Amino acid sequence: MCGRYALRALLEEIEHLFAIKGSVGIPARYNIAPRQPVLIVRNNQQKQRELAAVEWGLVPEWKKEIGDKPLINARVETVEVKPSFRSSIKRKRCLVPFDAWYEWKPEAGRKQPYVFEPSESGVQAFAGIWSTWHGPGGDHWLETMAILTAPAIGHFKNVHHRRPLVVRPDQFDEWLQPHDPLPRGFLNAFDWIPETTFQYRAVGSRVSNVRFDDPSCLEPAMPEAQHSLF
C-alpha cells in the first residue's frame, strides 16, 4: 500500500471538508496512479490552507536525479529518520483527499484487486508529506508527495499487511502545522481513523491497467468461469 486510489468527490465536498476554496473544477478520478498529478491540501506561506496539484512520488530536495522508482509511500515507523523523508515530515506535511483506494492480493496464481471505501461514503484524507525538487542546477520546479503507511492491525490484513494512515478532521490543523524539530512522540499522538470504518470488496482486473480511469474500475469482480462437466 498504497499504489492506487480514487477521488470522485465534487469540488464542493472537498472545499467543505478542508474549509478551503478551490480555484478550478476537478474531474472525477477512479484510478490515480504514481507519477500522475494529484491534489493535496497544505499550508501556504501565510499559514492558510491551500489546494495544490503535485506529482505522486516524492523526490527529495537533495536528489540529483528523479530516478526510475517513485517514492509513493513512507513508512510511519521510519519516516522521521529516512534521509528521503525526514525533512518533509518536519516542515512539509499535507493532506491527500481520497474516497477509495486499491490493494492487490495474490490469489490462485494471480493478483486480485480490492477496493477499500469508507463505510459511510465521503471524501477523507490520507496523511501525506511533500517536497520541492529543483534539480542539480536549480533550474527545475517539481513538487511531489508521498502517503504515510503503517502495519495493518485489523481486518485489512486479510488483503494486505500495510494500511494508509487517514487523518481525522479534528486533527487536520495539527497535521499541517510545521515543526522543526519534530516534537517527541509527535506521530504517536495522532488518533488515526481506524480500519473498522472502512469496508473492502473484490473488483475486476480493469483497475490494474493505468490506462483505465472510469467507473468500470469499481465494478465487482466476476466469478471464475465454471468448468464444464461434459
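The values are calculated or read from the model by the stated rules, or taken from the named source; none is laboratory data. Owing to the predicted nature of the structure, the values given are computational and were not obtained by experimental measurement. Here Cβ is always computed from backbone atoms with ideal geometry, including for glycine, and neighbour counts include all displayed protein chains.
Figure legend. Inter-residue proximity from the stretch 133-157: first residues within 17 Å of Ser88 (Cβ to Cβ), second residues modelled with pLDDT under 90 and not aliphatic (A, V, I, L, M), beta-carbon distance below 6 Å, spacing 6+ or different chains. Indicated pairs: His134/His140; Ile147/Cys2.
Contact map, the stretch 169-189: first residue farther than 17 Å from Gly128 by Cβ and in contact (Cβ under 8 Å) with a residue 40 or more places away in the chain, second residue part of a helix (DSSP H, G or I) and of a type outside the set (Phe, Trp, Tyr), Cβ cut-off under 6 Å, separation 6 or more or different chains; pairs are Asp180/Lys90; Asp180/Arg91.
Taking Ser121, is it closer than 20 Å to Leu39 by Cα and of a type in the set (Ser, Thr, Tyr)? Considered against the rule, which asks whether it is closer than 20 Å to Leu39 by Cα and of a type in the set (Ser, Thr, Tyr), Ser121 comes out as yes. The test for being in contact with a Leu (Cβ under 8 Å, 6 or more places away or on another chain), among the hydrophobic types (A, V, I, L, M, F, W, C) and closer than 30 Å to Gly67 by Cα holds for Ala127.
Put simply, of Gly67, Gly22 the only residue that is on the phi > 0 side of the Ramachandran plot and not β-branched (Val, Ile, Thr) is Gly67. Taking the criterion of being of a type in the set (Val, Ile, Thr) and in contact with a Ser or Thr (Cβ under 6 Å, 6 or more places away or on another chain), would at least one residue in the stretch 38-55 satisfy it? Scanning the stretch 38-55, I find at least one residue that is of a type in the set (Val, Ile, Thr) and in contact with a Ser or Thr (Cβ under 6 Å, 6 or more places away or on another chain), so the answer is yes.
Taking Thr78 as meeting all but one of (1) more than 18 Å from the chain's Cα centre (by Cα); (2) more than 26 Å from Phe212 (Cα to Cα); (3) exposed (fewer than 13 other Cβ atoms within 10 Å of the Cβ), write down the number of the exception. Among (1) more than 18 Å from the chain's Cα centre (by Cα); (2) more than 26 Å from Phe212 (Cα to Cα); (3) exposed (fewer than 13 other Cβ atoms within 10 Å of the Cβ), the lone unmet condition for Thr78 is (1). With the condition kept exactly as written, say whether any residue in the stretch 118-136 is more than 30 Å from Ile26 (Cβ to Cβ) and modelled with pLDDT under 95. Yes, because at least one residue in the stretch 118-136 is more than 30 Å from Ile26 (Cβ to Cβ) and modelled with pLDDT under 95. Filtering the stretch 120-132 to residues that are over 23 Å from Val76 (Cβ atoms) and either free of Cβ contacts under 8 Å to residues at least 40 places away in the same chain or of a type outside the set (D, E, K, R) (or both) leaves Ser121, Gly122. Residues that are closer than 20 Å to Val123 by Cα and in contact with a helix residue (DSSP H, G or I) (Cβ under 6 Å, 6 or more places away or on another chain) were ranked within the stretch 134-176; the one that is surrounded by the fewest Cβ atoms within 10 Å (Cβ to Cβ) is Phe156.
Taken as a whole, the condition of being at pLDDT 95 or above, over 15 Å from Pro113 (Cβ atoms) and surrounded by 10 or more Cβ atoms within 10 Å (Cβ to Cβ) applies to Phe198.
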